[in-house]
Amino acid sequence: MNRQKMSDYKFLRGGGEMGELIRSIDWTATPIGAEETWPTELKIATGIMLSTPFPMYIAWGKEYIQLYNDGYRPILGSTKHPQAMGISTRETFAEIWHIIESMFDGVMEGNAVGFPNFMLPLDRNGYVEECFFDFSYSPISDEDGNIGGVLVTVIEITEKVSRLKELQHTKLDLENAKAETEGQRDQLKRFFMEAPAAICVLNNYDLVFELINPLYQQFFPERQLLGKSVLEALPEIKGSVWDILRSVYDNDTTFEGNELLIPIARYVDGPMENRYFNFIYQPRHNASGKVDGILVFAFEVTDMVNAKKELEKEKDKFKLAILAAELGTFDMDMEKGTMEWDKRCRTLFGIDHQDTVTYEKDFLEGLHPDDKERVSKVIDRVFNKSESNGFYDVEYRTVGVKDQKVRWLRAKGQAYFDEMDRPYRFIGSVLEITDKKQEELRKNDFIAMVSHELKTPLTSLNGYIQMLQIKATKNADTFATGTLNKVTQQVKKMTGMINGFLNVSQIEAGKIPLNKSEFLLNDLIKEVIAACALIAPDHVITDCPCGPLPVYADYDRIEQVMLNLINNAVKYSPNGKQIKIECQLIDEIVRVSVKDEGMGIEPAYVDKLFDRFFRVEGNHTKAIPGFGIGLYLCAEIIQLHEGKIWVESQSGVGSVFYFSIPKLGILSGSL
């Protein structure tokens, strides 16, 4: 099937020259991958970036792959564009990566940063130059709080900084000029008119516009200012900055405004606009040192402020999505020893206080007694990077402190580790699944009831078959004997399926028993191989001899796991192929593998193999019987033994199923 054109994606439409460049790139050749696989949060951020004239760019993923808009293009100069699009920020800004790397890494951990007037030495036009920026780095995260990249909003103020420096000189020159002669005043006026900043001089108590340079006049095109008082020329400011001007004059104090909102029209009788300015009001003194006017230095920053507001709106949308999904969120700082829960998370745990929550008092004590030990072990594994990579996904019950209500929750999250693989932060979300869980429990109760009812007639049927087999043998009726043998096999299959459903019901109800004892796992494996060799004569089943491996486990349940894995290897591989079983001891953990040379598993199905009732869909699997509960049972049995189970597979080559359990002596409660 042909790949969809990038122009068909709504989030990639428009964007001017950079939009065209983005659409021309083969993103499958980059770490970001094909456009149809982009995460929702990346699509939203890209759409916002392309739809705004404000300079923005995105650094996505661990490689910080870049996308940027037309507004950002000039910042790259003549040597970095267009090759910067689609490559790593590390490569594009190699000369300053030692400065900004920690900032990017901090944002990927959830720490947004922003700096005004920040200098960076950039080589963007064939030489290194000092460049100044007002910028912010913000995390791009999904509804669960997982951060995928960095959104950069930036205004280059290199020219403004240069202008500001010149303004400082201007102010000094002005102070000196006040004591100069009338002839020098003309020279000062020329300097004002050529200054690279918006400047005006307001004279005497009425604050009359005595001097206005071209840049200041551009704030109010076609409006007559010179010779008029501020209130006469700009009557709109009476309710905003007039009191500030009066205070500067009356109290002889300087005022600096940063992103100050001033509703004002650009033209006479024009519409009122919400405009934002950075400015300085500086008292002007006469020869006797008394205030006789005000010097004004101003920059309009409306575009930058509006861009910030748009970003805040997008953040609010993400928050709204979390609220709509009724998710609770948590954030655990391992270094500070603090834990933060939002209001929804507190509700799901039935907490009635507004104090700081703690792991021991509020989380562990809020768990159902039957789930507390299991969840604690899951979290211990989450905090062990080698076992879980920090991923957290578990279902449990809570008992409300105030209402004593039992709720089923599903929690998902991520632990983050430092360079020593020590966890320092744990964040995630919780979702109530009480209704879904109760429905599952009702289904399991029904399955258990039906399975028990079916076992009674099957037992009687098996007895009648045995009687008929004895009679057929006595009468030397070979046809009847063969037919009854086939019927017996079918009854055994049905019995096995019913037992499987019973096991599922027991697992879901948390009632599956474990009868643990000490035994040698290598002996069990030999017995299983011998039994399977009789029922699968068309396959070569071998094992790699290993030394004694003592374990403290349920013999029958581990045997059930081995039989299931070997039977699957037989079912899904052609006759004559080899099935190889290996066992070994690795760091006090016993690991067993079952390798086949069968059809293998598509990558898309690997993560779902151990889900209840899941079966790989395909023409090559339709003829293979099963209900998708075998591997689910194996996973639950191994988990009850505090072990792990996983698979490595390649389609068309074969699969290797692994499970591991602790060696005798290291299990909690074992000898």
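Table for the structure above
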item: 1 or more residues crowded, with 18+ Cβ neighbours inside 10 Å and of a type outside the set (S, T, N, Q): qualifying helices (runs of 4 or more DSSP H) within region 342-394; result: 343-348, 369-382
item: Some residue of region 33-56 being outside any helix (DSSP H, G or I), of a type in the set (Val, Ile, Thr) and either more than 27 Å from the chain's Cα centre (by Cα) or under 15 Å from LEU12 (Cα atoms) (or both); result: yes
item: Residue list for region 233-263, restricted to those being without any contact (Cβ under 8 Å) to a residue 40 or more places away in the chain, farther than 14 Å from GLU300 by Cβ and either of a type in the set (A, V, I, L, M, F, W, C) or touching an Asp or Glu at 6+ places or on another chain (Cβ under 9 Å) (or both); result: ALA233, LEU234, ILE237, TRP242, ILE244, PHE255
item: Test set (1) at pLDDT 80 or above; (2) more than 22 Å from ASP556 (Cβ to Cβ); (3) out of contact with any Phe, Trp or Tyr (no Cβ under 8 Å at 6 or more places or on another chain) - ASP607 fails condition number; result: (1)
item: Residues of region 8-30 classified as outside any helix (DSSP H, G or I) and more than 14 Å from MET85 (Cβ to Cβ), total; result: 3
item: Selected residue (criterion: modelled with the lowest pLDDT) from residues of region 213-248 that are at negative phi and of a type in the set (Asp, Glu); result: GLU236
item: ARG266 vs. criteria surrounded by 12 or more Cβ atoms within 10 Å (Cβ to Cβ) and in contact (Cβ under 8 Å) with a residue 40 or more places away in the chain; result: yes
item: Which listed residue is under 30 Å from GLN282 (Cβ atoms) and touching a Ser or Thr at 6+ places or on another chain (Cβ under 8 Å), from GLU130, GLU166; result: GLU130
item: Matching residues in region 229-253 - criterion: being in a helix (DSSP H, G or I), out of contact with any Pro (no Cβ under 8 Å at 6 or more places or on another chain) and among the hydrophobic types (A, V, I, L, M, F, W, C); result: VAL230, LEU231, ALA233, ILE237, TRP242, ILE244, LEU245
item: Given (1) surrounded by fewer than 15 Cβ atoms within 10 Å (Cβ to Cβ); (2) within 24 Å of GLY145 (Cα to Cα), number of the condition ASP403 does not satisfy; result: (2)
item: Selection within region 96-133 - among the charged types (D, E, K, R) and closer than 21 Å to LEU67 by Cβ; result: GLU101, ASP105, ARG124
item: Subset of region 538-553 that is assigned to a loop (DSSP other than H, G, I, E, B) and in contact with a Cys (Cβ under 8 Å, 6 or more places away or on another chain) - its residue that is surrounded by the most Cβ atoms within 10 Å (Cβ to Cβ); result: LEU549
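The values are calculated or read from the model by the stated rules, or taken from the named source; none is laboratory data. What you see is a predicted model; the values in this text were computed from it and never measured. In this analysis, Cβ positions are derived from the backbone assuming ideal geometry, glycine residues included, and neighbour counts consider all displayed protein chains.
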